[in-house]
1. I need the Debye-formula profile for the stretch 97-158: one equal scatterer per C-alpha, no solvent, reported as log10 I(q)/I(0) at q = 0.13, 0.16, 0.27 1/Å, two decimals.
2. Residue 49 to residue 185: FRET efficiency via 1/(1 + (r/R0)^6), r the Cβ-Cβ distance, R0 56 Å, to the nearest 0.05?
3. For the stretch 258-330, what is the Kirkwood hydrodynamic radius in Å, using each pair of distinct C-alpha atoms?
4. Multiplying the sequence separation of residue 143 and residue 236 by 0.36 nm and subtracting their Cα-Cα distance, what value in nm do you get?
5. What spacing in nm lies between the two simple spin-label points modelled at residue 174 and residue 302, each 7 Å away from Cα in the Cβ direction?
6. What's the tally of Lys pairs in the stretch 128-198 whose alpha-carbon atoms lie under 16 angstrom apart, where the two lysines are 8 or more places apart or on different chains?
7. How many angstrom lie between the C-alpha centres of the stretch 169-197 and the stretch 227-284?
8. Please list 301, 113 from largest to smallest accessible area, probe radius 1.4 Å, with all protein chains kept in place.
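The values are calculated or read from the model by the stated rules, or taken from the named source; none is laboratory data. Everything numeric in this text was worked out from a predicted model, so none of it was measured. Using ideal geometry, Cβ is built from the backbone for each residue, glycine included, and neighbour counts are taken over all protein chains shown. Side chains included, ligands, DNA and RNA excluded: accessible areas come from the protein's heavy atoms. Shrake-Rupley method; radii C 1.70, N 1.55, O 1.52, S 1.80 Å.
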Amino acid sequence: MKAKQSRIPFRRAPIITLLLTLALTLCAARLGAEALTITQIDASKLLSSQSVRLFLSVDAKPGTKAADVSALTVEESANGVDWVPVRVRSVTNGSNVDEGISFSLLIDNSGSMWDGLDGKPTDDPKATRITHAKSAAKDFIGELSLVDRAGSSAFKTNLKILSPISADSSGIPNALDGIVKPSKDDAYTELYGSVAASLKAFGETGRRKALIILSDGEHFPFPPKNSTATITDDIDEAVRNGITCFVVNFATNGDAELPRVATESGGLVFNARDSGELLGIYTAIRSNIQNEYAIDYTASMLAGDKRFVRVSTKGLSTERYYYAGNVLGSHASGVEAWMALFVLIPLALYLALL
């Protein structure tokens, strides 16, 4: 189905139809007709309160009730084999609506994005893939709530951050308009390295985080750069930083390895043909994140840096892992000055007692 390429007020009807179609796709994409999926694990409060928050997507077969989350159990393991139950503190639905979501839109700006939707060169700027990508991103930004945050980046031979993630997304449309056609020598696709760099720069500790990757081609870096980035690097960055990645293949089948970043970080893979379908996908991603359950639990005191988590309820279960050694935030950010308080405050109390 192709949505009309008009402004938002005239696009509601086709978008509703597209969302219904996407809803069925989402159900089928997650391990069968009915499934649980841990979409993000936030361990930022592990050190201060021994608390971990995970986000759970519950997909139900059309016409049936969703899984009963009131009966769920959470377990942790140091090796993925031996499991110990942990105490669930709370299970809430809709917290992402109240607290907001942080989005980062990563847009391909390689040479092929300046071709038409059919993949052929065009002299009409309005017919290019990049124009459709900009249009959908602008419309999506306009739909965000006051508690949502957003930023944008573009990549070709190198990554360029257009707008850092912020509560004020009013400057993103102008930043997107600043994307220009790359020169022939700068029109390569450094896909894996750009994804890793975007994940490292994400920040936003303690929030629901989503990186949406839009690309129309395969990883094809500029040879002299000798790119060493791999899809495994991207997956590791996503897990360490607690970020869900969504992959959107635009007008092509896309990179063969890139979907792993989505599936292993709790996200999904989509295909889009024009700006109307792109907007529908962006909107569906936000809607699904808003419908997730937030589960707060008391973490185990298991040894090791890597922790496995399993959530189960009435015959359904899902597993993910996180890094317990990353409790002070993104490992890429370095040690912040405020972290010294964890040493200075206990020391001050000790001296006061003396």
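1. Log10 I(q)/I(0), no solvent term: -0.44, -0.60, -1.09.
2. FRET efficiency, residue 49 to residue 185: 0.60.
3. 15.4 Å
4. Taking residue 143 through residue 236 to full extension adds about 30.4 nm, to one decimal.
5. In this crude label model, residue 174 to residue 302 measures out at 5.0 nm.
6. 6
7. 16 Å
8. 301, 113
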